[in-house]
Amino acid sequence: MKSKAPGAKGPQKDPLSAVKKARALKKQKTERLFEGLGVSPGIAIGPAYVRESGIVEVTEYAIPVKLIDKEIGRFEAAVNQATRQLQSLKTKASTLPAATFEELGYLLDAHLHMLRGSRLVRGVEARIAKDRINAEAAVQAEIAEISKGFAAMDDAYLAARMEDIREVGVRLVRCLTKTPPLAFSTLTKGSIVIAEELSPADTALLDPDRVSGFATALGGPESHIAIMARSMVIPAVLGVPGLISGIKSGDQIIVDGNAGTLIVNPSPGILNEYKQRREAQKRIERQLAKLKKLPARTRDGTEIQLHANIELPREQKNVLDCGAEGIGLLRSEFLYMNRDDLPGEEEQYKVYRDLLKAMKGRPVTVRTLDIGGEKLVSTLGEHLLPSANPALGLRAIRLSLKIPELLAAQVAAALRAGAHGPIRILVPMVSGVSEIRQVRRIVKGVAQRLKRRKVEIADPLPPLGIMIETPGAALSADALADLCDFFAIGTNDLTMYTLAIDRGDEQVAHLYNPLHPSVLRLIQFTAAAAGRRGIPVSVCGEIAGDPRYVALLLGLGIHELSMSPASLLRIKQRIRTIDMDAARRLASAVMEQTDPGRITTLLDDFSALA
Ligand code: PEP
Ligand code: MG
């Protein structure tokens, strides 16, 4: 269609400038706000890079009987090609920061594992032979079948595993159809990656120096990409409805990982505001670094112990970097994940011993296996049968007592490592006195066996503590305190079990609230029981690393906090502004409330006075 000459209609003083104005108006983009889950904090500003889904449309067609072997051969070639791609991704990922590489390496290994004769690969081959269909269609049919089984289990962890299977399926289809793998080749420095969904393998293709933020339509706070974003310290917002249709590559984006918001094409005023916020954050980080050597002491001189939570031994460097006084929680189950065998006593002994040596006299708290629920270990498959309620099923200490040789190996490793430094043993998910009695018996038996063999072990035996993370344990705190040497309150699970709200389900994330009066009452009761029996008590759930909760926890009698190393200096800064009398008054006022909203206001008001 021919366009009309500018100014053809009506009297216009300057037709050309009118056209320019109209074009400028058209170009002027309207500011829009999207909301999702903030899974990795911080502010990022940059151009959008909208990522296509990667899914290739396939059609099904029949394969004549005589060509079935050839079709299976074509599928095998695709499997080999996919394997090579993943291996090269792994090599590429080795240039990422250590913690990111470790996480990603495990996930790429899981994908590689799936290509080695898994149910997916075997199922596809069987379908080609039995249904006489092309390999691409067989891949899709097999994935649909596997997902049916997973959907029936309705479990966040299994949903993540299903994502992995789909991801491998997409890769196989791309190899079969000779569609080149997706690359982020046109990513400009500082881009914000926008995608329906991102996989860990995608992340290996990303250059962390080029990506300043993430936002995806799918995925919850426990998804792989959330873990990756946190370990790369990149602000991210996930689970944003309508994201893909609402954003075009090149749009300017602000990602606010604290608030869980995304602003598209911000007005100059908003942009300026966020730039200032970003600068302010950097200034705060520089200030915080100066606190590293100062004590975590309240204004009136009360010393608070700050420890670090770690999953992998490699994170130990971050623990020393933030000036933590020890490791308050080593989630030992991570040593068991993503591998074909179980770590034995010797391997675990070396890990604990090296950690103790590196911590130079600071205590290391090893939590025994917390497997089950959302955390699974494939090598324990035969013991972990599907459960209608995995979070309430055979997990943590229940599993360890069912397979006592597993617990004995961990205990032996810890006792031996204890000859090299102060180690503590922590038992997860205890729900009653009989569990701790059984653990004590096992510790005693292992110690006797090692002594008979003249193996050097910790002397005296290491303190044995328990996680208080079920309402049952909290309410039995007095009895449990008589049987153990310390408590660590796991508020992540305690909140989940008290409120009956799955901590990993984004659909009920808005209801999950550790400030619910019932959760606080259990914390208060536990702290008081520990005080009555004279044993130490810490909080090692996520709230320990959130400055808003510090005064309340101190006021409730908690003098030890364990958190991710990234939060520690901020918490120390907060502690140094607190007066214990004021914290106790705050705690009394909070404990009189019935409404979590009112409690939040009280805490906010208290913080504002600091
Ligand atoms: C907790 O439940 O608060 C806790 C620290 O344990 P995890 O997060 O490993 O379940
Ligand atoms: Mg827990």
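Consider A479 carefully, then state whether it is assigned to a helix (DSSP H, G or I), modelled with pLDDT of 95 or more, within 13 Å of ligand 1 (Cβ to nearest atom) and over 30 Å from K350 (Cα atoms). I'd like the intermediate steps shown before the answer.
On the way: assigned to a helix (DSSP H, G or I): yes; modelled with pLDDT of 95 or more: yes; within 13 Å of ligand 1 (Cβ to nearest atom): no; over 30 Å from K350 (Cα atoms): yes.
So A479 does not fit the description; no.
Please name all residue pairs, on different chains or six or more residues apart, with Cβ atoms under 6 Å, provided the first residue is in the range 395-420 and is of a type in the set (G, A, S) and the second residue is modelled with pLDDT of 95 or more and within 16 Å of ligand 1 (Cβ to nearest atom).
A396/P428; A396/M429; S400/T368; A414/V366; A414/I425
Could you list, in sequence order, all residues of the range 413-428 that are crowded, with 24+ Cβ neighbours inside 10 Å and not in a strand (DSSP E or B)?
A413, A414, L415, A417, G418, P428
Just for the range 513-543: of the residues that are more than 16 Å from ligand 2 (Cβ to nearest atom) and not in a helix (DSSP H, G or I), which one is nearest to the chain's Cα centre (by Cα)?
As a first pass, look at the range 513-543 and keep what is more than 16 Å from ligand 2 (Cβ to nearest atom): 513, 515-518, 520-521, 524-525, 527-536.
After this cut, where a residue has to be not in a helix (DSSP H, G or I) as well, the list is 513, 515-516, 534-536.
Values: N513: 18, L515: 21, H516: 23, G534: 34, I535: 31, P536: 28 Å.
It comes out as N513.
Evaluate the following for E273: is it among the acidic types (D, E), under 28 Å from the mean Cα position of the chain (by Cα), surrounded by fewer than 22 Cβ atoms within 10 Å (Cβ to Cβ) and more than 28 Å from A582 (Cα to Cα)? Before the answer, list the steps.
Details: among the acidic types (D, E): yes; under 28 Å from the mean Cα position of the chain (by Cα): no; surrounded by fewer than 22 Cβ atoms within 10 Å (Cβ to Cβ): yes; more than 28 Å from A582 (Cα to Cα): yes.
Considered against the rule, which asks whether it is among the acidic types (D, E), under 28 Å from the mean Cα position of the chain (by Cα), surrounded by fewer than 22 Cβ atoms within 10 Å (Cβ to Cβ) and more than 28 Å from A582 (Cα to Cα), E273 comes out as no.
Hey, among the residues in the range 498-511 that are part of a loop (DSSP other than H, G, I, E, B) and away from ligand 1 (no atom under 12 Å from the Cβ), which one's farthest from the chain's Cα centre (by Cα)?
The first filter runs over the range 498-511 and keeps only residues part of a loop (DSSP other than H, G, I, E, B), leaving 500-505.
Subset that is away from ligand 1 (no atom under 12 Å from the Cβ): 500-502, 505.
Values: A500: 20, I501: 18, D502: 15, D505: 13 Å.
Step by step, filter the range 498-511, then rank; the result is A500.
If I ask for residues that are in a helix (DSSP H, G or I) and surrounded by fewer than 24 Cβ atoms within 10 Å (Cβ to Cβ), which ones from the range 300-331 would you list? Working first, answer last.
Kept after step one, since they are in a helix (DSSP H, G or I), are these residues of the range 300-331: 313-321.
Once the filter is applied, which keeps residues that are in a helix (DSSP H, G or I) and surrounded by fewer than 24 Cβ atoms within 10 Å (Cβ to Cβ), the range 300-331 yields P313, R314, E315, Q316, K317, N318, L320, D321.
Output the qualifying pairs, or none if there are none: Cβ atoms under 8 angstrom, residues six or more apart or on different chains, first residue in the range 324-338 and in the same structural domain as S564 (by TED's automatic domain parsing), second residue basic (K, R) and surrounded by fewer than 20 Cβ atoms within 10 Å (Cβ to Cβ).
Pairs found: A324/R362; E325/R362; G326/R362; I327/R362; E333/K375; M337/K375.
Looking only at the range 429-458, which residues are touching a Lys or Arg at 6+ places or on another chain (Cβ under 9 Å), within 29 Å of A358 (Cα to Cα) and assigned to a loop (DSSP other than H, G, I, E, B)?
Keep residues of the range 429-458 that are touching a Lys or Arg at 6+ places or on another chain (Cβ under 9 Å), which gives 429, 431, 435, 450, 455-458.
Those still in the list that are within 29 Å of A358 (Cα to Cα) too: 429, 450, 455-458.
Scanning the range 429-458 gives M429, V455, E456, I457, A458.
Give the number of residues within the range 544-577 that are touching a strand residue (DSSP E or B) at 6+ places or on another chain (Cβ under 9 Å) and either of a type in the set (D, E, K, R) or within 16 Å of ligand 2 (Cβ to nearest atom) (or both).
So the count comes out to 10.
Tell me yes or no: at least one residue of the range 485-495 is part of a loop (DSSP other than H, G, I, E, B) and either within 16 Å of ligand 2 (Cβ to nearest atom) or modelled with pLDDT of 95 or more (or both). Walk me through it before giving the result.
We begin by selecting, within the range 485-495, every residue part of a loop (DSSP other than H, G, I, E, B); these are 485, 490.
So of that shortlist, the ones also either within 16 Å of ligand 2 (Cβ to nearest atom) or modelled with pLDDT of 95 or more (or both) come out as 485, 490.
Yes, there is a match, as at least one residue in the range 485-495 is part of a loop (DSSP other than H, G, I, E, B) and either within 16 Å of ligand 2 (Cβ to nearest atom) or modelled with pLDDT of 95 or more (or both).
Go through the range 280-299 and give me each residue that's in a loop (DSSP other than H, G, I, E, B) and not basic (K, R).
Taking the range 280-299 first, the residues in a loop (DSSP other than H, G, I, E, B) are 290-296, 298-299.
Correct list: L291, L294, P295, A296, T298.
Limited to the range 332-343, what total is found for residues that are part of a loop (DSSP other than H, G, I, E, B) and within 16 Å of ligand 2 (Cβ to nearest atom)?
Of the range 332-343, the ones part of a loop (DSSP other than H, G, I, E, B) are 337-343.
With the extra rule that they be within 16 Å of ligand 2 (Cβ to nearest atom), the set shrinks to 337.
So the count comes out to 1.
What tally of residues in the range 483-497 results from selecting those that are surrounded by 20 or more Cβ atoms within 10 Å (Cβ to Cβ) and more than 7 Å from ligand 1 (Cβ to nearest atom)?
7
Take the residues in the range 464-476 that are more than 16 Å from ligand 1 (Cβ to nearest atom) and aliphatic (A, V, I, L, M); name whichever of them is farthest from the chain's Cα centre (by Cα). Before you say what the answer is, go through the steps one by one.
Let us first name the residues in the range 464-476 that are more than 16 Å from ligand 1 (Cβ to nearest atom), namely 464, 475-476.
Okay, now just the ones that are also aliphatic (A, V, I, L, M), so 464, 475.
Working: L464: 27, L475: 29 Å.
Here the residue is L475.
The values are calculated or read from the model by the stated rules, or taken from the named source; none is laboratory data. If you're wondering where the values come from, they're calculated on a predicted model, not measured in any experiment. Note: ideal-geometry Cβ built from the backbone for every residue, glycine included; neighbour counts use all protein chains shown.
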